[in-house]
Each structure stands twice: as structure tokens, then as C-alpha cells.
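Take a look at the structure below.
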Amino acid sequence: MESPAIQVVNSGVVLLQFFDDGKDGKLVIAEGDRTVPFEIKRVYYITDLENAAAVRGKHAHKKLEQLIFCVHGSFDLALDDGYTRQTISLSSPYYGIRLGPKLWHTMTNFSDDCVILVLANDYYDDGDYIRDYHEFVNLVREGASRSVHG
Ligand code: T46
């Protein structure tokens, strides 16, 4: 997989350090405040994605910083910053996609061997989620008009 080209704001790509020992395996390293651009407070992973039609995510966060990886298999990650939308197909354990604040993200099209790993800079907080798309767009656009008008 080539490095994904990111077109939305509050995102980006991180390439992790790795050692490829061919048939003896690959070793991939993520270091907080180094290759990962924040202190890691929480790690979670999603497995057993047997329903190829499953839809996960469909929300944005107010403050949380995350990096999302496809450590095995593949899935599609749709990103929406309130103005621009793009969908990236992830299938490499090396590339992490930044899920910064105020970035609507949706995961679909999972291979049945897909394993998703997420690194986060804070503990779980239900109050940090924006689950309503119109609320999300209003929040993003309100912020933009405030910064234009002072
Ligand atoms: C995100 C995407 C990429 C917890 O109690 N603690 C946790 O740390 C997490 C991540 C979830 N939960 C609970 C909350 C829900 O009752 O687990 C349940 C399933 O979570 P959710 O429906 O939010 O899962 P996804 O896959 O839609 O979203 C997850 C993360 O929640 C979210 O922050 O950005 O992965």
C-alpha cells in the first residue's frame, strides 16, 4: 500500500518504523510523543469483523486525538471535515491515519480477517463524541465563521 494522500483537515499520515524479516515476520513500532504525535493513554482494537456490511464509527470527536491502523486485512475509512470528504482504503500495518478533533469518520467494507488498532491520547469519554452529523457540520462551520469574523 502506498502512503495515502490526505485531502481533509485535522488528519494526516504517520509512517511507523518497521523491520521486515520476510517470512520470519514484520516488527512494527509505535512510540508515543515520537512517531505517534501525542502521549498514548489508551489503545483499543477491533477484531472479528465477520459482517462485511458492518458500519462503525459515524461520529466525530470534540477533542480526542487518535491514530487508526489496519494491522491485518483491509477496510475503508471515510473522512469528512465538514467541507471535504474522501475515502481511503487501508491495508497496511505501517500507515496510521490521524483522526484529529472535528473529523467525521466512518469505517466500512471490512475484510473478514481485518484487525483495526487505534491509539488515543485520552481515556474513553462518551461526552467527547458528536454522533449527529448536522450537529457536527454546524459546529465546524460555526467555528470557521467565528475565526473569520473574530
Ligand atoms: C473511534 C472509532 C475509530 C468503551 O467503553 N471504551 C472505549 O475505549 C471504546 C473505544 C468504546 N467503548 C464502548 C462504547 C460503546 O458502548 O464500546 C462500545 C462500542 O463503541 P463504538 O460504537 O463507539 O465503536 P466504533 O467502532 O463505532 O468507534 C470506535 C471508537 O469508539 C471511536 O472513538 O473513533 O472506533
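Counting only residues that are more than 9 Å from the ligand (Cβ to nearest atom) and of a type in the set (Lys, Arg), region 99-140 holds 1 of them. Could you tell me whether region 43-65 includes any residue that is within 11 Å of the chain's Cα centre (by Cα) and more than 10 Å from the ligand (Cβ to nearest atom)? Within region 43-65, one or more residues are within 11 Å of the chain's Cα centre (by Cα) and more than 10 Å from the ligand (Cβ to nearest atom).
Taking region 44-65 as the search range and keeping residues that are of a type in the set (Val, Ile, Thr) and under 21 Å from Arg131 (Cα atoms), which one is surrounded by the most Cβ atoms within 10 Å (Cβ to Cβ)? First the steps, then the outcome.
First, the residues of region 44-65 that are of a type in the set (Val, Ile, Thr): 46-47, 55.
Still in the list and also under 21 Å from Arg131 (Cα atoms): 46, 55.
Details: Ile46: 16, Val55: 12.
Looking at the filtered set, the residue picked out is Ile46.
Within region 33-62, residues that are without any contact (Cβ under 8 Å) to a residue 40 or more places away in the chain and under 19 Å from Val13 (Cα atoms) sit with their Cβ atoms under 9 Å from residues that are of a type in the set (Gly, Ala, Ser) and not in a loop (DSSP other than H, G, I, E, B), at 6+ positions apart or across chains, in these pairs: Thr35/Gly96.
Bear in mind these aren't lab numbers, they're just calculated from the coordinates by the rules spelled out. Values in this document were obtained by computation on a predicted structure and should not be read as measured data. Positions of Cβ are backbone-derived with ideal geometry, glycine not excepted, and every protein chain shown enters the neighbour counts.
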